[in-house]
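Structure first, commentary second.
The values are calculated or read from the model by the stated rules, or taken from the named source; none is laboratory data. Because the structure is predicted, anything quoted here is derived from the model rather than measured. Reconstructed Cβ throughout: ideal geometry from the backbone, glycine too, with neighbour counts over all protein chains shown.
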Amino acid sequence: MKIRKLSAVAAATAVSVLALTACGSDSGSDGGTTASSSDNVFTIAYNADGGHQAWVDATANSIKNTLGINVEGKPYATFAELRSDVTDRKMTGSFRTGWQADYPGLYNFLGPLYGTGAGSNDSDYSNPEFDDLLTQGNAAGSVEEANGFFDQAQEILLKDLPSIPLWYANVTGGSAETVENVAFGWNSVPLYYAVTKADGTPIRANGTEPQNPLVPTNTNEVGGGRIVDALFQGLVSYDETGASQNELAESITSDDNQLWTVKIKGGTTFTNGEPVTAQSFVDAWQFGALTSNAQLSQYFFKDIQGWSETEESPLTGLEVVDDTTFTIMLNEPQADYPLRLGYSAYLPLPSVAYDDMAAYGEAPIGNGPYMMNGAWRHNEAVDLVVNPDYSGPRTPANAGVTFVFYDSFDSAYNDLLANNLDVFDGIPDSAFGTFETDLGDRAVNQPAAVFQSFTIPGNLEHFEGEEGELRRQALSMAIDRESITDTIFQGTRTPASDFTSPVIDGWSDTLPGVDVLVYNPEKAKELWAQADAISQW
């Protein structure tokens, strides 16, 4: 499982892992209801540092009341401890997984999680027909044609259910009375450049202390990510809806979806005056891909020829043609490859960065809509001002952005209510029931590109073959998603109706087989009984 760019404050909450584990006879039970058909116990494991008790209990009760089996919560002390068991394949049952999109494409929710041998395939799911549809989609002539194959691939997932979709996480936030034109993008992040403020001062937005120096290929959490995105411009960016738009790219073309030719706009510079060239991109990608540089986003270059996760291998698939042209040779065709290039791992770097990358990351020189204004005030704030030389689709409508680093969402929310914070994107759980009343039309509650599910390993006893298919479908139909999202999350989650997200172009809630995600207690009981006829639970 990978959740990209989660703040330290949000990480425990947004990427908690749910385990639905079949244990021995009443092992670890606290004396809860005894199942009528079996002494086995489903334990729902969760990280105790994430505040998940309420929804875990609700999920457990929904399954228990529907199927008549024991279900209990099983806390792990920390998310890291639980995640370690998942990664090391020590989980003896199922576990909840989540995914925040790296770029707005259907494939990003499917290939990395369910493709055979994929890096985030925690279920070890493997279906040749599914893999073949992904391959056909990647080789398609357009994203629209590719999405047709990806929809067919989802139909297979709805039957096999290697993971059981739960809900989409909404972005919740709002703005103070001091600003206007506040909008949130497809990836849950405010469009800072569009915000206006009548008094002409920089807008104040919530943030968290970045975990690393601000190097694009080594930044994969919200605190650093939103600053990096403001300081740089890459080949493409995404508008509010997630649609791709060229920034520095003049064109990105291919005849076969495998060899791509990138032409960039000439005449642009970094804020130190150095020209941005094709070499600026190629050198930055090579740096990010090399194992010796230990960059967190190294794997984003895995589709380019020459990449290695363990060996010191340059990207042989990159070639500079001239100052404004370079080519990319992929290992196999990827129809949506240009769509991916808006992610921060693909940003360019000035040559001065390689003199001392750690020092550069403390005061990065970029080429984006904003630039640093003074030193990074660690554990306090970062001040950005408008880059006067930027020309692109994200031209700032304000004087700058100050990212204020908060230790909790509660304190940030209180500042928002007091008009001491202009834009906020993390309503605390304590305010779920009141924030829309508190903020009125300044409140934001909309679906985000975050998908949450629980995953069942393919080799788990009782979950293989026909019996496993029946039990997976029964479990899915036993969960009252709508009641949980309304009661526990108070409308800040949306029940899932596929494996992707409503904010992604090509999303559909009418795929064949989607009924398996609808609460249907009678059908769930029927399917569970059919599974018991094959092998008693």
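Here the range 63-89 is the region considered, the condition is being in contact with a Phe, Trp or Tyr (Cβ under 8 Å, 6 or more places away or on another chain) and either in a strand (DSSP E or B) or of a type in the set (Ser, Thr, Tyr) (or both), and the residue that is surrounded by the fewest Cβ atoms within 10 Å (Cβ to Cβ) is 75. Given 377, 394, which one is in the same structural domain as residue 265 (by TED's automatic domain parsing), closer than 19 Å to residue 229 by Cα, among the charged types (D, E, K, R) and touching a helix residue (DSSP H, G or I) at 6+ places or on another chain (Cβ under 8 Å)? Of 377, 394, the one residue that is in the same structural domain as residue 265 (by TED's automatic domain parsing), closer than 19 Å to residue 229 by Cα, among the charged types (D, E, K, R) and touching a helix residue (DSSP H, G or I) at 6+ places or on another chain (Cβ under 8 Å) is 394. Just to be sure before I move on: is residue 221 charged (D, E, K, R), over 22 Å from residue 412 (Cα atoms) and crowded, with 20+ Cβ neighbours inside 10 Å in the structure I sent? No; evaluated as a whole, the condition is false for this residue.
Scan the range 480-490 for residues that are in contact (Cβ under 8 Å) with a residue 40 or more places away in the chain and either in contact with a strand residue (DSSP E or B) (Cβ under 7 Å, 6 or more places away or on another chain) or under 13 Å from residue 162 (Cα atoms) (or both) and report the count. Outline the logic, then answer.
First, pick out the residues of the range 480-490 that are in contact (Cβ under 8 Å) with a residue 40 or more places away in the chain: 480-481, 483-485, 487-490.
When the remaining residues are screened for being either in contact with a strand residue (DSSP E or B) (Cβ under 7 Å, 6 or more places away or on another chain) or under 13 Å from residue 162 (Cα atoms) (or both), the result is 481, 485.
Total meeting the criteria: 2.
Can you tell me how many residues within the range 509-522 are surrounded by fewer than 17 Cβ atoms within 10 Å (Cβ to Cβ) and under 30 Å from residue 149 (Cβ atoms)? Break it down stepwise before answering.
Residues of the range 509-522 surrounded by fewer than 17 Cβ atoms within 10 Å (Cβ to Cβ): 509-510, 512-513, 515, 518, 521-522.
Retained after the next criterion (residues that are under 30 Å from residue 149 (Cβ atoms)): 509-510, 512-513, 515, 518.
Here the count works out to 6.
Sub-7 Å Cβ pairs linking a first residue in the range 430-453 that is within 9 Å of residue 174 (Cα to Cα) to a second residue that is part of a helix (DSSP H, G or I) and modelled with pLDDT of 95 or more, at least 6 apart or interchain, are 443/435; 443/436; 445/436, ordered by first then second residue.
Does residue 117 count as touching a helix residue (DSSP H, G or I) at 6+ places or on another chain (Cβ under 8 Å), free of Cβ contacts under 8 Å to residues at least 40 places away in the same chain and among the small types (Gly, Ala, Ser)? Criteria not met by residue 117.
Within the range 363-373, the presence of a residue that is under 24 Å from residue 287 (Cβ atoms), within 25 Å of the chain's Cα centre (by Cα) and in a helix (DSSP H, G or I) is excluded. Among the candidates 406, 413, the residue that is closer than 24 Å to residue 189 by Cβ and free of Cβ contacts under 8 Å to residues at least 24 places away in the same chain is uniquely 413.
Just to verify a result, which residue in the range 387-411, among those that are aromatic (Phe, Trp, Tyr) and outside any loop (DSSP other than H, G, I, E, B), is surrounded by the fewest Cβ atoms within 10 Å (Cβ to Cβ)? Before you say what the answer is, go through the steps one by one.
Narrowing the range 387-411 to residues aromatic (Phe, Trp, Tyr): 390, 403, 405-406, 409.
Next, only the ones that are outside any loop (DSSP other than H, G, I, E, B) stay: 403, 405, 409.
Values: 403: 25, 405: 20, 409: 23.
Per the stated criteria, the residue is 405.
Among the residues of the range 153-163, not a single one is outside any loop (DSSP other than H, G, I, E, B), among the β-branched types (Val, Ile, Thr), within 20 Å of residue 100 (Cα to Cα) and out of contact with any Gly (no Cβ under 6 Å at 6 or more places or on another chain). Taken across the range 79-87, residues that are farther than 29 Å from residue 347 by Cβ, of a type in the set (Phe, Trp, Tyr) and outside the structural domain of residue 300 (by TED's automatic domain parsing) do not occur at all. Consider the range 90-107 and keep the residues that are charged (D, E, K, R) and farther than 30 Å from residue 338 by Cβ. The one that is surrounded by the fewest Cβ atoms within 10 Å (Cβ to Cβ) is 90. Of the residues 505, 407, the single one that is at pLDDT below 95 and in the same structural domain as residue 380 (by TED's automatic domain parsing) is 407.
Cβ-Cβ distances below 9 Å connect the following pairs, each with a first residue in the range 300-313 that is closer than 14 Å to residue 327 by Cα, a second residue that is acidic (Asp, Glu), and a separation of six or more residues or different chains: 303/332.
Applying the selection to the range 276-310, what residues are of a type in the set (Gly, Ala, Ser) and either crowded, with 19+ Cβ neighbours inside 10 Å or not in a loop (DSSP other than H, G, I, E, B) (or both)? Break it down stepwise before answering.
Kept after step one, since they are of a type in the set (Gly, Ala, Ser), are these residues of the range 276-310: 278, 280, 284, 288-289, 292, 294, 297, 306, 308.
Matches in the range 276-310: 278, 280, 284, 288, 289, 292, 297.
Within the group 345, 294, 284, 353, which residue is more than 27 Å from residue 187 (Cα to Cα) and among the aliphatic types (A, V, I, L, M)? It would help to see each step written out before you state the result.
Numbers: 345 fails: more than 27 Å from residue 187 (Cα to Cα); 294 fails: more than 27 Å from residue 187 (Cα to Cα); 284 fails: more than 27 Å from residue 187 (Cα to Cα).
Result: 353 is the single residue among 345, 294, 284, 353 that is more than 27 Å from residue 187 (Cα to Cα) and among the aliphatic types (A, V, I, L, M).
Would you pick out the residues in the range 409-426 that are under 14 Å from residue 182 (Cβ atoms) and either in contact with a Gly (Cβ under 9 Å, 6 or more places away or on another chain) or among the charged types (D, E, K, R) (or both)? Reasoning before the result, please.
Residues of the range 409-426 that are under 14 Å from residue 182 (Cβ atoms), as a first pass: 416, 419, 421-425.
Answer for the range 409-426, where residues must be under 14 Å from residue 182 (Cβ atoms) and either in contact with a Gly (Cβ under 9 Å, 6 or more places away or on another chain) or among the charged types (D, E, K, R) (or both): 416, 422, 423, 424, 425.
Can you find, within the range 220-249, the residue that is farthest from residue 272 (Cα to Cα) among those that are among the small types (Gly, Ala, Ser) and at pLDDT 95 or above? Among residues in the range 220-249 that are among the small types (Gly, Ala, Ser) and at pLDDT 95 or above, the one farthest from residue 272 (Cα to Cα) is 249.
Screening the range 220-275 for strands (runs of 3 or more DSSP E) wholly inside it with 2 or more residues that are assigned by TED's automatic domain parsing to the domain that holds residue 329 and closer than 25 Å to residue 501 by Cα returns the ranges 236-238, 244-246.
In the range 179-219, how many residues are more than 24 Å from residue 103 (Cβ to Cβ), at pLDDT below 95 and in a strand (DSSP E or B)? Result for the range 179-219: 0.
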